[in-house]
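These notes are about the structure you will find just below.
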Amino acid sequence: MTNYKKIVVTVMMLIFLSACSDELVKDKPGVDDEDNVQNIGYQDGDGLGVETVAIGEGDSTYVADLMQSEMFSDPASPLSKRTIYFEYDSSTVKQEFIPVIEAHAVYLTNNPNQNINLEGHSDERGTREYNIALSEQRAKSVFKMLQVLGVMTHQVNIVSYGEEKPESLDQTEEAFGLNRRVEVVYQ
């Protein structure tokens, strides 16, 4: 129960701080045209931050540039982690991936026009139908956490691949573990 209270307090702090982030970005020098910029909120070891980036003409260029930005490419940033792994036959999010989901939630709440796909996967053990349902349940578990953290429903699309797109084709426990995942894919 104590972990639950900590999560609730963290969520409340994140929501409060993300509501204040717009004022920080408006005062940033060099940002004149609000239609051509995107405010990027993120969480790192020092707390919450906001970065403003220019938006190009094409959304695909923007997403490609975003994925190359420091907050998404720096291995120390939780936003650089876009894969959540699961235990065998489970759709419960592991404790170690909660900060990753929180960081993506902060970014998405600060950027309400940004959309993501949550792509659920499973290893090959079990029937095809079972694996499709399990991978969907895993994606929904991540989605529910994002919703609790303030992400709007229209920002998230759930895709269930089951065992169809394995990360590894090996038949080892390590390979099976790599295949039991939800990938966060920015659109």
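Just so it is clear, none of the values below were taken in a lab; they were calculated from the coordinates. Quick caveat: nothing in here was measured; it's all calculated off a predicted structure. Using ideal geometry, Cβ is built from the backbone for each residue, glycine included, and neighbour counts are taken over all protein chains shown.
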Being crowded, with 16+ Cβ neighbours inside 10 Å, part of a helix (DSSP H, G or I) and not hydrophobic (A, V, I, L, M, F, W, C) narrows it down to one of Tyr107, Tyr130, so name that one. Tyr107
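Residue by residue, here is whether (1) more than 16 Å from Thr83 (Cα to Cα); (2) in contact with a Gly (Cβ under 6 Å, 6 or more places away or on another chain) holds:
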| site | (1), (2) |
| --- | --- |
| Tyr130 | yes, no |
| Glu136 | no, yes |
| Lys140 | no, no |
| Leu146 | no, no |
| Met152 | yes, no |
| Asn157 | no, no |
| Leu178 | no, no |
Looking at the structure I just gave you, is Lys94 under 21 Å from Tyr186 (Cα atoms) and surrounded by fewer than 20 Cβ atoms within 10 Å (Cβ to Cβ)? no
All positions within region 74-86 that are surrounded by 11 or more Cβ atoms within 10 Å (Cβ to Cβ) and assigned to a loop (DSSP other than H, G, I, E, B): Asp74, Ser77, Lys81, Arg82, Phe86
Residue list for region 147-160, restricted to those being crowded, with 20+ Cβ neighbours inside 10 Å and either touching an Asp or Glu at 6+ places or on another chain (Cβ under 7 Å) or among the basic types (Lys, Arg) (or both): Leu149, Ser160
Restricting to region 162-183, and then to whatever is touching a helix residue (DSSP H, G or I) at 6+ places or on another chain (Cβ under 6 Å) and not acidic (Asp, Glu), can you tell me which residue is surrounded by the fewest Cβ atoms within 10 Å (Cβ to Cβ)? Ser168
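Taking the stated definitions as given, is Lys144 under 13 Å from the mean Cα position of the chain (by Cα), among the charged types (D, E, K, R), assigned to a helix (DSSP H, G or I) and exposed (fewer than 14 other Cβ atoms within 10 Å of the Cβ)? Spell out how you get there, then give the answer.
Values: under 13 Å from the mean Cα position of the chain (by Cα): yes; among the charged types (D, E, K, R): yes; assigned to a helix (DSSP H, G or I): yes; exposed (fewer than 14 other Cβ atoms within 10 Å of the Cβ): yes.
Yes.
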In region 147-187, which residues are of a type in the set (S, T, N, Q), assigned to a loop (DSSP other than H, G, I, E, B) and in contact with a Leu (Cβ under 8 Å, 6 or more places away or on another chain)? Ser168
